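Single-structure report; data block below.
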């Protein structure tokens, strides 16, 4: 076994250990938050979070009555995305509302929209 082979094997082991440490840290920081708190963190509405729970994109539990969402599922996806260089399919991306385009009026044409 050459030095290059050993170096490559050690680099692979190091990357695997980094991923494992990141995962264990994320699991250790596991919080169970209500949908409203997740909505605030994700910059979307509570109804969007509830729809994602119902569709299965977000795992949640109702052991104590109300919905509680474990935050570790979001950390795990982040570490997988970093390792593969791709974006996970189930990551929540808030959609920005499009503002309706203002109709161009004669006033805008004459005064240049400032008036």
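See the values below:
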{"quantity": "Projected label distance in nm at residue 32 and residue 108, using a 7 Å step from Cα toward the beta-carbon", "calculated": "5.2"}
{"quantity": "Protection proxy ranking, peptides 63-72, 31-40, 2-11, 16-25, average beta carbon neighbours within 10 Å, highest first", "calculated": "31-40, 63-72, 16-25, 2-11"}
{"quantity": "Difference of contour (0.36 nm per residue) and Cα-Cα distance, residue 66 to residue 5", "calculated": "16.6 nm"}
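No lab work stands behind these numbers, since they all come straight from the coordinates. Treat the numbers as computed from the prediction; the structure is a model and nothing was measured. Reconstructed Cβ throughout: ideal geometry from the backbone, glycine too, with neighbour counts over all protein chains shown.
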